[in-house]
Structures are given as C-alpha cells and as structure tokens.
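A quick write-up on the structure given underneath.
The values are calculated or read from the model by the stated rules, or taken from the named source; none is laboratory data. Quick caveat: nothing in here was measured; it's all calculated off a predicted structure. Don't worry about glycine lacking a Cβ; one is built from the backbone with ideal geometry, like all the others, and counts go over all protein chains shown.
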Amino acid sequence: MNRNHEPWDSGRSGLGLTALVVDDDEGTRLLLRSVVEQLGYHVVEAVDGKEALAAFVKNAPQLIVMDVLMPRMDGFQCCQAIRAEPAGSDVPVVLVTGVDDNPSIERAYQVGATDFVRKPINWIILRHRIAFITRANTAFQDLKRSEARLVQAQRLAKLAAWEWHLHRREFEVSQELADLLSLQLRQARLGEDEFWSTVPETMRERLAPTLIDALRDQRGFSVDFRLIRDKRERIIHAEGEFVSFAGGVPEAMHCIMQDVTDQYLAQEEIFRLSHYDWLTGLPNQSLFTEQLRVALLRGKRQGTDIGIIYLGLGRIKAVREAMGPAFADRVVREAALVIQDSLKSMKIGDSARVEIARYGAIEFTIFVDQIECPDPAGSALPFIAQRLLDDLSEPLKVDLHTVPVACSIGIVCAKGGQGEAETLLKYAHVAMNAARAKGERAYEFHSTEIQRQVMERFSLESQLLAAVRQNALSVHFQPQIDIASGTIRGFEALARWQHVDLGMIPPDRFIPIAEESGLILELGEQILVKALTEAKTWPASEDCPILLSVNVSAHQLWSRQFVQLVQRALETSGVTPTSLVLELTESVLIKNLESTLRILHSLKDLGVRLSLDDFGTGFSSMSYFRDLPMDELKIDRSFVKALEPGTRELAIVRSVISLGHNLDLNIVAEGVETEYQLKVLASQGCDSAQGYLISQPMPAAAVGPYVREFEGSAGSSLFG
C-alpha cells in the first residue's frame, strides 16, 4: 500500500458511527475493519500514528482500534496525542499489542488507552470486547450529560428524582422514580416514615445510613445499591446534594436515581475478559500473578510458606498437527478440568488455599497458600505434584477420541512468603523444563544448580551467536581409511569452537544449542563452505579423490534453500560434487519422508553422495530404508565400542554390514579405538573405518602433512 496516500474512506454507511482502524500491516487492518464494521461502524483507516492523528482530527471517530508497534509514531504516542485533542478525552481507544509485559500494560493505561488486546488476536473476543466498550462508553457519556443537566432535569423533567424536605420531614418523589423502583404511589409527597416503609428494603438498608451521614456532615452523597425488579437484579445509582438557606442552613436535599445495570455488566465483562482465560475460565497470567503477590504479602505477615507449581502439558503440539487447533483447544480445556478436579479431591490441609491459572498456551500455574514447607521434599508439594502427574496420565476423552497427554511439573517453595512473584514463577518454569528434560510424567524442585545450568546455557547461547556471526568457529577433520587397501578414503568435517575463556567447547555441548536457537542454519552453512574450501587444497589424484563428509541437521535439510546452498558452495569451491558426502541421521530422514525423499533426490541430481549416519540408534525400518537413495551406511560408535570377544554386538555389526552390502552401500564404522575392533571389522568385510585408533580430528593445516605421512608409513604400520 502506498504510504503517502490519504486515509482510505469507503463512504458513509449512514449509521452515524465512525471508527478509526490503525495498523501498518494491511492484512491485520483488513481483519480489524471487518470486525468493527460488523458492529455498525463506518471505518476510516490509517497506516501509522501520524496519519491516525490527522484522520482523528478530520473525522472525529467514536472508536479507535490501533496497533502499538508502528513506524513514524507508535500507538502509545498517538494515543497520548489524541487525548490531548479537545475531542479526544473520552473516545474509546483500544490498543492492539504483541508485547505482554507489565511495563507495557502500565504505559498503555498511562497514555489513556481504554483497553488493550494481545496478539495473536482472538477475533470473537475482540468483537465482544469492542461491543462492551462501546456500550460502556455510551452509558458513560449519558451519565456525564445527566450530571451536567442535573438541575435542569430536576426542574423540568423530574427524571427519577426525589427531594427530601428537611423541615417538613417529607419526601417528594417523581413518577419516574416510582417507575424505576416499581412503587405503588397514590401521591407524590410522603412523610419520612411512609417513604421509608414504601421503598424496597435493600434500598432502605443502603440509603438510610448514607443520608444520615450526609445530613450530619452537611455534604452530598453518591451510592449504589441492588434491588430486584421484574425478577431481575438491578444496580441503582443514587446521588444527591443539599440546598441551603442563607447562612448555610440546609433546607432540602435534591436527589436523582439511575439504573446503571448495563454499565456494571459491561465493566464486569471487560474485567472478566481482561483477567480470565477465554478457553478454560481460569484466572489468566496477570490475575494469577497479582493473586500470588497478595499471598506472598500475607505469608510475610504471618510467617507462612507458599508452594508454587508450574505444570506444562506434553503432546499438545502433536495433537494440534494431527487434529487441528480447535480440537487441541478442547484437549487443553479437558486437561484443565482434570487438574481442577484433582486439586479439589486432595486433602492438603484445613487452612491451605489453592489457586490455579492458565499461564500459557499449554501451561498452568498453581500456588498453595498456608502450607508447611520446612523442607520442600518433605512437604505436601511432592504429593500434589505426583497426584497431578497420575491423574493426567489417564487418556482424556475428547469428542469421540481418546487422547493421551502427559505433563511435567516444576516446584518452588517460598519460605515465609519471601521472594517476588515473577521471580518465583520464573524459577518454577525453569524447574518444569528440567523435569521435562528427564522425560514425561516427572516433577523437579528448583535448585541453585538448575538455575546455574540455565544461566550458563543462556550465556553460552549468546556467546555462540556472537561467534557464529563473527564466523569464528573452525573446522577439524577426522580421517576415514579404506580397510582393505590401508589408504585414506576421506575426512569427516567437524565443527570446533575455541572459546576465549572456556577453551575448546565440545560439539555435543554447543550443537544442541545451535539446533534449538536456529543458529544451526548459519553455522551449518559456514562449516560446509569452510570444509569445501579446505578440501580443494588436499593432495589427491583425480582418479581417486579424497572424500569430504559433512553432517547435515534436520533444520538444514528442510530449509527451502538447502539444495541451492550446496550447489552454490560446490561451484564456489570448485570441489567435484562426487567428492562430497552429506551425512544424515535416521531421525532426520523418517520424519516427513515424502518431502525428504524429494530433497534427497535433488541432492543426488547434483552428484553428491549421501550417508546414513548413526545407523541402528533410531527406529530403523526397512519399509522406508529401501527407498532412500543412500550411498553409504555408518555403523554407530556404540556398537563398535562394544566389539569385544563374546559380545552380542558382533552379530549386530555382521548383520549391518551384510545388509549394507546387499543394498550396494559402502560401510563405514566410526569410533574405532582398538586394534581388536579394527581386525574384527576387517574380518567381517567392513569397507571403511574412522576413530581415535586412526587419528583424532585435526585442524585444517594438518591434513596435507598427515596425508603424505600416512601414505608413506602410517597406513602400513596400522595394518601390519
């Protein structure tokens, strides 16, 4: 969309209501427009804060729905500027934000936002929320006008009005007040006793003491009370002021009443939508955190402990992928009911108070107040956690399906109410992740060691990011030998990270971090390019080139540009495609098999070789294995390591070698560390081997000298 255009206007709808929709994303703006138009508004659009401010001055809308993060002027600044306009003090402003932190929420209200909506937007709730806001604002504007015309209304319309004549000790009531309170009146003037006996009891109990206090202090009053009218509870607002003689002696009190039930209901609904989860009806994150703050303050005053439980559901992602998001939501709702029923059935303690909330998409938080926790492991917290694990281990009945779920639980104990709510919840979340790492249906207490590991991993991830962006990781190479000829067949490229302070960090420590953070794409590309660049310098004949093996992760293989990346790296380096071997694990290949096969065949079309790494450690299946266009099979080091006289691994290795040869694959054994292992592999017909017996991984500069030395003497000495 052209950013220099005038705010787009589709023409007046004829309903007299105008709304301003502001978002720099055209798709979101279109959806917001549709929701607002359904409520009867004519919509004016703007793409940023400055354009929105101009559109507000020009169109004077009755509603503004605006994104927070926008160019030129963000939603906070624009809202503040609108509130400074003469007509901008009361117009409802709904901010749409992707941030979910307390400072941002606080700032939204400080600049004058009426309400805020978090992304991703629930469009049904948004429509109802805007409807309630509109209704509440309309009522608010009506009330303001009523207050401004109070004297005129009393004098001309006597709308739901009454007067208390102090010296005459009587009340004068209007017919509108009689209708409001459903009173059967024969006359407009009533003595004090008759008036109080005529009005509803709930009004008398609430209003009489208020009037007595106002008379004693000679001041006005404002009070709300409830009454039943037409079998429905109504909220009535009453407000009055004294009229005085000269000298300040009160003569009468003029009062009005108004039914404000709709406003109350709208406010209650807005509160419910803002503080309760739409799916489960449980308190949401903000309300639970505030409840926990209050409990902690109470714990500090009383010296009592508070237990915090953080529960994360498992398998919901698989359910969502298989059955869709709507069904997954129903599973989460059913799990919430199981958690609530489980907590209700437990006998935790007479004084213990339990609160539960939905804290995230698949996460629930619980705190137990007034719990004795001298030692967390010896308190009721493990019992609660285990009971929740057991109850959620039973498959859930959702529609006509039986859905197995699991959960992991983290536990924190705030002794004597000590600690900040956000910090304790963070610790509980960390403990939950530690429990999840142990497997399904486990709980874990937070500890300083767990927190240290988390912070260390976080720090390492930040430093890894910097190292990758600086292209600071290097490549080492481990040779593979041809067992029959005793010659070098190739080298496997291995990433190495020489940390300034921590020294050489092993791959099994930083590669998982790269996988989880997404850095593996950039890191993998760097390793591939560096390895190919080095391979071009290796001494080898054209008839028998030295092969280069490079590991490929799942993220790399399934990225859209991986095949083009390999092709570009080969062309840039000048390495013959048939010299490159890409190693992939079983777990990578069996997932999304159809798509994976297309990628593998595209790689084969380039001329590269494919190797099945770590064979035997995954869920090997002949049904897919026979279709894979592989050239090589690598026996995992765990089988090679166990190759000792009389072990069962010999039969496994023999079977793998036989299988690979029957499929015309080259067989490589990794992790060879002893001469006995090498001799056994040679006797079984294994083609190639790599491991510490042959050589540890070496820096790039050492490859050339190693090749020349090996061909001259090392190979013959190794094989006797």
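Structure values in brief
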item: Unmet requirement for ALA437, which otherwise passes all of (1) aliphatic (A, V, I, L, M); (2) surrounded by fewer than 17 Cβ atoms within 10 Å (Cβ to Cβ); (3) over 17 Å from GLN453 (Cα atoms); result: (3)
item: Test for GLN556: is it in contact with a Gly (Cβ under 9 Å, 6 or more places away or on another chain), among the polar types (S, T, N, Q) and within 16 Å of LEU606 (Cβ to Cβ); result: yes
item: Positions within the stretch 90-134 being in contact (Cβ under 8 Å) with a residue 12 or more places away in the chain, out of contact with any Phe, Trp or Tyr (no Cβ under 9 Å at 6 or more places or on another chain) and part of a loop (DSSP other than H, G, I, E, B), in sequence order; result: PRO92, GLY98, VAL99, ASP100, GLY112, THR114, LYS119, ILE121
item: Residues of the stretch 428-449 satisfying the condition of being in contact with a helix residue (DSSP H, G or I) (Cβ under 7 Å, 6 or more places away or on another chain) and either within 22 Å of GLY303 (Cβ to Cβ) or without any contact (Cβ under 8 Å) to a residue 24 or more places away in the chain (or both); result: PHE445, HIS446
item: Every residue from the stretch 303-340 that is closer than 23 Å to VAL430 by Cβ, of a type in the set (D, E, K, R) and assigned to a helix (DSSP H, G or I); result: LYS317
item: Per-region count, the stretch 663-685, residues within 49 Å of the chain's Cα centre (by Cα) and either at pLDDT below 90 or outside any strand (DSSP E or B) (or both); result: 6
item: Residue within the stretch 10-19 that is at pLDDT 90 or above and in contact with a strand residue (DSSP E or B) (Cβ under 6 Å, 6 or more places away or on another chain) present; result: yes
item: Residues of the stretch 225-236 satisfying the condition of being touching a residue at least 40 places away in the same chain (Cβ under 8 Å) and touching a helix residue (DSSP H, G or I) at 6+ places or on another chain (Cβ under 9 Å); result: LEU227, ARG229, ILE236
item: Answer residue from the stretch 354-409, given it is farther than 24 Å from ARG293 by Cα and of a type in the set (S, T, N, Q) and is surrounded by the fewest Cβ atoms within 10 Å (Cβ to Cβ) among those; result: THR402
item: Residue, nearest to LEU311 (Cα to Cα), within the stretch 376-406, restricted to residues that are outside any helix (DSSP H, G or I) and among the polar types (S, T, N, Q); result: SER393
item: Count of the stretch 207-264 residues which are basic (Lys, Arg) and either farther than 26 Å from THR138 by Cβ or part of a loop (DSSP other than H, G, I, E, B) (or both); result: 3
item: Members of the stretch 565-598 found to be closer than 28 Å to GLU534 by Cα and of a type in the set (Lys, Arg), listed by number; result: ARG568
item: Any pair with Cβ under 6 angstrom, 6 or more apart, that starts in the stretch 459-487 at a residue that is touching a residue at least 12 places away in the same chain (Cβ under 8 Å) and ends at one that is among the hydroxyl-bearing types (Ser, Thr, Tyr); result: GLU461/SER517; PRO479/SER695; GLN480/SER688; ASP482/SER688
item: Entirely in the stretch 486-589, the strands (runs of 3 or more DSSP E) that have 2 or more residues that are under 19 Å from SER462 (Cβ atoms); result: 487-499, 503-505
item: Sole residue being among the aromatic types (Phe, Trp, Tyr) and either loosely packed, with under 15 Cβ neighbours inside 10 Å or within 21 Å of PRO699 (Cα to Cα) (or both), chosen from PHE477, PHE445; result: PHE477
item: Complete set of residues in the stretch 36-61 that are part of a helix (DSSP H, G or I) and either among the small types (Gly, Ala, Ser) or touching a Phe, Trp or Tyr at 6+ places or on another chain (Cβ under 6 Å) (or both); result: GLY49, ALA52, ALA54, ALA55
